[in-house]
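Working notes for the structure below.
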Amino acid sequence: MKKRFFSLPALGLFAALAMPAAAQDADTVVATVNGTDITVGHMIVARASLPQQFQQLPDEVLFTGILDQLINQTLLAQAYDGDLPKRTGLQIENETRSLTAGEELEALFEERLTDDALQAAYDAKYAGATPQEEYNASHILVETEEEAQAIKADLDGGADFAATAREKSTGPSGPNGGQLGWFGTGAMVPSFEAAVIALEVGEVSEPVQTQFGWHVIILNETRTPDAPTLDEVREDLIQEVRDQTVETYVADLTAAAQIDQSGAADVDPSVLSDLTLVD
């Protein structure tokens, strides 16, 4: 087997490729345009504000595109001659207000969105709650009571419920044998729900009228599900705690603040569409 040797220049190239990248942080300058620095921090913030579809692009593609955009924006900003229009200053004020409020909320969530808070929200919602029975039912929907009575008679005579539903039901569940799947109380209109609750498993109802027409219903199964675990509802609880935290905190700030909205009474709401006022 022949030995392979590398020239010194080649070794130097491999050494360069193997060298770790220079330390970088948000203040690392990536470009300078007429004395104005563009930093890694500027690029990171620009990337974070991209629409979701662009967030999926490879970093290499985004790096080049974002840097080009920031350079072009810098050139255009430097070329601008004159005072900024009123609308731009107002947009900057609104954006600053929004971003600052967002930082306050993030600090608030960091403090209050704890495991203990999630556990307390879970206990308040599920601990000691009476499990609610759920029902699995099928139905056949027709327009008239006479049709429903005839279908009920056929079923009492031994006709297959699912086959009859596929043949005669006008509802969207007809092609699926009338299956409605699992549902709890409050999911169906009152007269339909009452008829289901009154049935025994396997029993077929008398015709039931709703605003949709006339129903013949069979109760397939019932169940009483256990409460979900905390992990199963964690994301929902996080959102609930966040919403409650914001509501309570803003209410406290409002109660302690001096807020005068008297000027709003004299303003015509249609003024919001008049962009000429901020030109």
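Could you work out the helix-only [θ] at 222 nm for the chain, with each DSSP H run of four or more residues adding -39,500 (n - 2.57) and the total divided by the number of residues, to the nearest 500 deg cm²/dmol?
-15500 deg cm²/dmol
Among DSSP beta bridges whose residues both lie in the chain, state the antiparallel percentage, nearest 5.
Within the chain, antiparallel bridges account for around 100 percent of the total.
For region 81-138, just say rounded, prolate or oblate: build the C-alpha gyration tensor, square-root its eigenvalues into a ≥ b ≥ c, call rounded for a/c under 1.5, and beyond that prolate if a/b exceeds b/c, oblate if not.
oblate
With r defined as the distance between the Cβ atoms of E145 and A251 and R0 fixed at 45 Å, what FRET efficiency is calculated, to the nearest 0.05?
Approximately 0.25, to the nearest 0.05.
Region 44-59 to region 204-270: how many Å between their Cα centroids?
The two parts, judged by their Cα centres, are 32 Å apart.
Please report, for the Cα atoms of region 20-179, the Rg to one decimal and the Dmax as a whole number; what are they, in angstrom?
31.9, 91
Which angle from 0 to 90°, rounded to the nearest 10, does the C-alpha axis of helix 59-79 make with the longest principal axis of the chain?
So the inclination is approximately 60 degrees.
By per-residue mean of other Cβ atoms within 10 Å, what is the highest-first order of 108-120, 70-82?
108-120, 70-82
Using label points projected 7 Å from each Cα along Cα→Cβ, tell me how many nm separate A48 and A120, to one decimal.
Placing both labels 7 Å beyond Cα along the Cβ direction yields 2.9 nm.
State whether region 23-90 is rounded, prolate or oblate according to the following rule on the C-alpha gyration tensor (a ≥ b ≥ c being the square roots of its eigenvalues): a/c under 1.5 gives rounded; otherwise a/b larger than b/c gives prolate, and the remaining case gives oblate.
Because a/c hits 1.5 or more and a/b fails to exceed b/c, region 23-90 counts as oblate.
Would you list which aspartates and glutamates come within 20 Å of K152, measuring only between C-alpha atoms, while excluding same-chain residues fewer than 8 positions from it?
Result set, ordered by chain and number: E143, D160, E167, E193, E200, E203, E206, E221.
Would you be so kind as to identify which of S262, A165, W214 lies farthest towards the positive end of the dipole of the chain, taking Lys and Arg as +1 and Asp and Glu as -1 on Cβ and the Cα centre as origin?
Value computed over the given set: A165.
Using per-residue counts of other Cβ atoms within 10 Å, averaged over each peptide, order 250-262, 93-105, 181-193, 137-149 from highest down.
Highest to lowest by the protection proxy: 137-149, 181-193, 93-105, 250-262.
7 Å from Cα along Cα→Cβ at both T28 and E134: what's the point-to-point distance in nm?
5.1
For region 228-279, rounded, prolate or oblate, judged on the Cα gyration tensor with a ≥ b ≥ c (square roots of eigenvalues), a/c < 1.5 rounded, else prolate if a/b > b/c?
Oblate.
Assuming 1.002 mPa s and 20 °C, estimate D for the chain with Stokes-Einstein, Rh taken as the Kirkwood radius over Cα pairs, in µm²/s.
It diffuses with D of about 78 µm²/s by this estimate.
Rounded to the nearest percent, how much of the accessible area of region 71-112 (1.4 Å probe, protein heavy atoms only) is carbon and sulfur?
Taking all protein chains in place, region 71-112 shows 53 percent carbon and sulfur surface.
In whole percent, how big is the carbon plus sulfur part of the accessible area of region 159-272, probe 1.4 Å, protein atoms only?
52
Pull out the extension gain between E60 and Q91, defined as 0.36 nm times the separation in residues minus the alpha carbon to alpha carbon distance; nm, one decimal.
Additional length available on full extension: 8.0 nm.
The values are calculated or read from the model by the stated rules, or taken from the named source; none is laboratory data. Nothing here was measured: the structure is a model prediction, and the numbers come from that model. Reconstructed Cβ throughout: ideal geometry from the backbone, glycine too, with neighbour counts over all protein chains shown. What goes into the accessible areas is simple: the full protein's heavy atoms, side chains included, and nothing from ligands, DNA or RNA. Shrake-Rupley method; radii C 1.70, N 1.55, O 1.52, S 1.80 Å.
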